[in-house]
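Peer 1: Please see the structure below; I have some questions.
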Amino acid sequence: MKRTILILMLTTAGILEAAAGGPENSPPTLLHIDPVRGKDRHPGSRSRPLRTISGALLLLPELLKHSVTIELAAGTYDETGGEDMPGNELQLMRRMRPGVTVRLVGTVADGKAATILAWEGGDSMIDVREGDWELQDLVVGSFSTRQRRGVLVAGPARLTLRDVGFQCRSFSGAGIMAHRGGHVSLKGKIRLNEQLHDRAKEETFCGIVATEFGTVKFEQREGAELDLGNGSLSASYYGCIRLGCETARITSWGRQSNNLAVNSGGRIDLHGTTVTLKAMHPENTPVGPEHDGHILGEDAHLIIVGKNDTAITLQKASTFTCNDIELKGEFRKTIWAMSGSMFVGRFLTDVTRLEAHTGATVNVEAVEGDIKGPVVATSGALISLPDGSVVGHVR
């Protein structure tokens, strides 16, 4: 009886080890995918590649103990493969040991990403829910109206995007979205519909969203840049977007989309980046936090370009601080603040009309040009100017 029990225990242990990714089914550290000459029954070697991404993911155990790189050949991938996931939504979910990452790396030809993920019709093209993943040298989307959202990352998942482009289209959707604690790290050149700075039609929006404690954050400065041809940075409900790259260029063509849109406890940190904002619709506002939204521009250089009614609008207990702000264009109002909002900053150019109402505070520390417009403060608001004068009710 004792001998029989021992045999059963050893057999059970072997089964559990195999299910957990032990020596019996340990995946290779490198897999190759080719949508043209590959077959999913192949082992995934360079000479005998797999055909689909889902076919490669099937070779990964539920508990991954070492990092894996999946190399994608140049070409257009019209489906995920549909193995254990939808054919039109790449679902990335694995338990991983600390420090373990799965990297999906595309092919670069003539200095451009030649691997295009182009399936259509899913809620998100890529849905990341568990584990630590990285995408590199890829283009997500082919500019189809059936590619509404690029990447969705939810906690506890983490995704790194390195030199990744997005070609997705909607009226107000996200190329990159982090929510419910999901974390997105950005490295290299991140581009979203970058061809649209000079001309854009409706339903071509592709922005970046962080909400419900989600985080989108640049982890690299030198050589890193953000390029949004028709989109915005949007943070809400304690979501956070943190730049820190060398440059960011954000153009918005919509009526209802501020370039920096922060509300309901969200935060955007410009963190030393040279940021160029252009709101193409005259009624839009480049900088527009509201409802306890916060923008921190420490060591940043903010360039606001365009012809808009207002350059900076602060509403409902929102805050905006920035060291250096440069206005290039025509703005009837430079700042319009209300409802307990707060602004602190310096301007490198002329300043037009400054307004503050209902308890708002505007502290203009320096103006290298002239203050050309009137300065108006009502209903308990205050505006302090570089010469030490204060406009508004002072008790």
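Laboratory data are not the source of any read-out in this text; all were calculated from the coordinates shown. None of these values were measured; they are calculated from a predicted model. Note: ideal-geometry Cβ built from the backbone for every residue, glycine included; neighbour counts use all protein chains shown.
Peer 1: Counting alpha carbon pairs within less than 8 Å and at least 6 residues apart, what relative contact order, in whole percent, applies to the stretch 311-354?
Peer 2: Relative contact order here is 50 percent.
Peer 1: In nm, to one decimal, how far is the Arg37 label point from the Leu59 one, both placed 7 Å along Cα→Cβ?
Peer 2: 1.6 nm
Peer 1: On to the next question. Would you work out if the stretch 244-374 is rounded, prolate or oblate? Take a ≥ b ≥ c from the square roots of the eigenvalues of the alpha-carbon gyration tensor; rounded if a/c is under 1.5, else prolate when a/b is larger than b/c, oblate otherwise.
Peer 2: rounded
Peer 1: Let me ask you something else. Among Glu368, Glu326, Glu194, which one shows the highest mean-square fluctuation when the chain is modelled as a Gaussian network with alpha-carbon springs under 10 Å?
Peer 2: Glu368
Peer 1: Hey, another quick one. Taking the Cα centre of the chain as origin, work out the dipole magnitude from +1 charges on Lys and Arg Cβ and -1 charges on Asp and Glu Cβ, in debye rounded to 20.
Peer 2: Magnitude of the dipole: close to 860 debye.
Peer 1: Arg221 to Ala109: extension gain in nm, 0.36 nm per residue of separation minus the Cα-Cα distance?
Peer 2: Computed gain between Arg221 and Ala109 is 37.9 nm.
Peer 1: Let me ask you something else. Quick one: 3J(HN,Hα) in Hz for the stretch 257-267, Karplus 6.51/-1.76/1.60 with θ = phi - 60°, rounded, Gly and Pro as x.
Peer 2: For the stretch 257-267, the Karplus-derived couplings read 10, 5, 4, 10, 10, 10, 7, 6, x, x, 9 Hz, x marking Gly and Pro.
Peer 1: So which GluC sites (Glu not before Pro) in the stretch 196-249 pass both tests, a DSSP loop state and at most 11 other Cβ atoms within 10 Å of the Cβ?
Peer 2: Sites meeting the loop and neighbour criteria: Glu202, Glu222.
Peer 1: Counting each pair of different Cα atoms once, what's the Kirkwood radius of the chain in Å, rounded to one decimal?
Peer 2: It works out to 22.7 Å.
Peer 1: At 7 Å along Cα-to-Cβ for each site, give me the label-to-label distance between Glu330 and Glu83 in nm.
Peer 2: Spacing of the two 7 Å Cα→Cβ label points: 6.1 nm.
Peer 1: Still on this structure, I have one more. Counting only C-alpha contacts under 8 Å and six or more residues apart, can you give the relative contact order of the stretch 67-392 as a whole percent?
Peer 2: Values: 1148 pairs, mean separation 26.0, N = 326.
With pairs under 8 Å counted, the relative contact order is 8 percent.
Peer 1: Tell me, how many Å apart are the Cα centres for the stretch 136-152 and for the stretch 50-119?
Peer 2: About 15 Å separates the Cα centre of the stretch 136-152 from the one of the stretch 50-119.
Peer 1: Among bridges DSSP assigns within the stretch 67-392, what percent are antiparallel (round to 5)?
Peer 2: Once the DSSP bridges in the stretch 67-392 are tallied, antiparallel ones form about 5 percent.
Peer 1: Excluding same-chain residues fewer than 8 positions from Lys112, which lysines have a Cα within less than 20 Å of its Cα?
Peer 2: Lys187, Lys189
Peer 1: Please build a GNM for the chain, connecting alpha carbons under 10 Å apart, and tell me which residue among Leu277, Leu59, Leu135 fluctuates the most.
Peer 2: Judging by the Gaussian network model, the answer is Leu59.
Peer 1: Considering amide H positions built from the backbone, and no H for Pro or chain starts, which residues 5 or more places from Leu90, or on another chain, come under 5 Å of its amide H?
Peer 2: Ile126, Asp127
Peer 1: Mind pulling the angle between the C-alpha long axis of helix 2-19 and the longest principal axis of the chain? Nearest 10 degrees, somewhere in 0 to 90.
Peer 2: 40 degrees
Peer 1: When the chain is modelled as a GNM with alpha-carbon springs shorter than 10 Å, which of Asp370, Asp292, Asp269 fluctuates the most?
Peer 2: Result: Asp370 has the largest fluctuation of those listed.
Peer 1: Here's something else I'd like to know. Between beta-carbons, use under 13 Å as the cut-off and find the net charge around Val305, counting Lys and Arg +1, Asp and Glu -1.
Peer 2: That sum, taken over residues with Cβ under 13 Å, equals +1.
Peer 1: Note the full-extension length gain between Glu203 and Lys307 as 0.36 nm times their separation in residues minus their Cα-Cα distance, in nm to one decimal.
Peer 2: 35.2 nm
Peer 1: Tell me which of Thr273, Thr107, Trp336 sits at the most positive position along the dipole axis of the stretch 67-392, charges placed on C-beta atoms (Lys, Arg +1; Asp, Glu -1).
Peer 2: Trp336
Peer 1: Quote the relative contact order of the stretch 247-395 in percent (integer), defining contacts as alpha-carbon pairs under 8 Å separated by 6+ residues.
Peer 2: So the answer I get is 15 percent.
Peer 1: Please compute the modelled spin-label separation between Ser170 and Glu365, points set 7 Å along Cα→Cβ, answer in nm with one decimal.
Peer 2: Modelled inter-label distance: 3.8 nm.
Peer 1: Whole-Å semi-axes of the stretch 134-224's equivalent ellipsoid, largest first, each the root of 5 times a Cα gyration tensor eigenvalue?
Peer 2: After scaling each eigenvalue by five and taking roots: 21, 16, 11 Å.
Peer 1: A further question follows. Got a sec? Which residues in the stretch 261-295 would a label at Thr358 touch, if it sits 7 Å along Cα→Cβ and we count backbone N under 16 Å?
Peer 2: Output list for this probe position: 264, 289-293.
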